[in-house]
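Asks: One structure, pasted below without further comment.
The values are calculated or read from the model by the stated rules, or taken from the named source; none is laboratory data. As the structure is a prediction and not an experimental result, all values here were calculated from the model. All Cβ positions, even for glycine, are placed from backbone atoms using ideal geometry, and neighbour counts span all protein chains on display. Remember, those area values only see protein heavy atoms, side chains included, never the ligands or the DNA or RNA. Shrake-Rupley method; radii C 1.70, N 1.55, O 1.52, S 1.80 Å.
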Amino acid sequence: MTKQIPLLTTVITIFIFYITWGSAQLLDFYFKNSNLPELFFSTIYTGIAGCLIPLHILKKFNINIFEKTNSLKTSVKIIGYIFLIITILYATVGSEALFKALQIHKSILVILKYLLLFFPMALAISLFAFAIIPYTTNVDTYTTKKKVSVIFFISLFFIAGFLVDTLFKDLELSLIMGSIGLLLSIAFILLRNFWLLFSAFYIILLINTLADNKYSEYPFGIVIISSALSLGILLFYQRTNKIS
């Protein structure tokens, strides 16, 4: 079976993801005194649209994010690692988010809440950016033209996604996230490793949200449900793909 996702499938899957992302923000606007927005965000958006659907698509087209990537030249990998570190520093130190996060004193339980809360979101966005979009073309036979296309569409995915996240109110944030997506996409081309890119994006997302200090009151029970749901779906995908 070919390891390539049809373009129409990718477009529809991303559209569903954006619709649920925007719906979560709308619910947060209209139901401020309810846990409905958090439940929707943590189950429908990150769990179903962000994890179950993309993993089902990847499995259907014989794409296994747990597989070892094709052997790349050591020099290319070294450049990729350096580029990834630079990207993390740009997104955390360059934005001063790291310094702000370190200045905010939080309890261990609150830090644990943030660690769990942004695992599903980082996983969902990464599944699209570093698996669904790259495999819409054949990732194993990248030409220069394909590499440029993948970089462009990943950065566009970030821009559009964070426009939806802010209900089209914060173009500056979406462009900043687009620049981070651009840098991460280049690192992906150099490393071809989903889990490295997911880890980098998770660190970036976690530090910046800690700096914003907006989610300390997020219901802990929903955080646990969200993380357990996404992790459970991921482990089921791993087992059914017979990972060694």
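Asks: About its Cα centre, what dipole magnitude does the chain give when the only charges are +1 on Lys and Arg Cβ and -1 on Asp and Glu Cβ, stated in debye to the nearest 20?
Replies: Computed about the Cα centre, the dipole is about 860 debye.
Asks: Could you identify which residue out of S107, S199, S179 has the top mean-square fluctuation in a GNM of the chain using Cα springs shorter than 10 Å?
Replies: Top of the fluctuation ranking is S107.
Asks: Give the value in nm², to one decimal: projected area of the alpha carbon convex hull of the chain, averaged over all directions.
Replies: 13.3
Asks: With every protein chain left in place, what is the accessible area per residue of the chain in square angstrom, probe 1.4 Å?
Replies: 52
Asks: Using the Cα atoms of segment 1-78 to build a convex hull, what is its mean projected area in square nanometres?
Replies: Over all viewing directions, segment 1-78 projects a mean Cα-hull area of 7.5 nm².
Asks: Can you sort E172, E96, E217, E38 by solvent-accessible area, 1.4 Å probe, largest first?
Replies: E217, E172, E96, E38
Asks: Going through segment 168-238, which trypsin sites (Lys or Arg not before Pro) have at most 16 other Cβ atoms within 10 Å and a DSSP loop state?
Replies: K169, K214
Asks: How large is Rg/Rh for segment 85-126, to two decimals, with Cα atoms and a Kirkwood Rh?
Replies: 1.03
Asks: Mind listing the Cα extents of segment 96-241 along all three principal axes, in Å, largest one first?
Replies: Computed over the Cα atoms, the extents are 49, 41, 26 Å.
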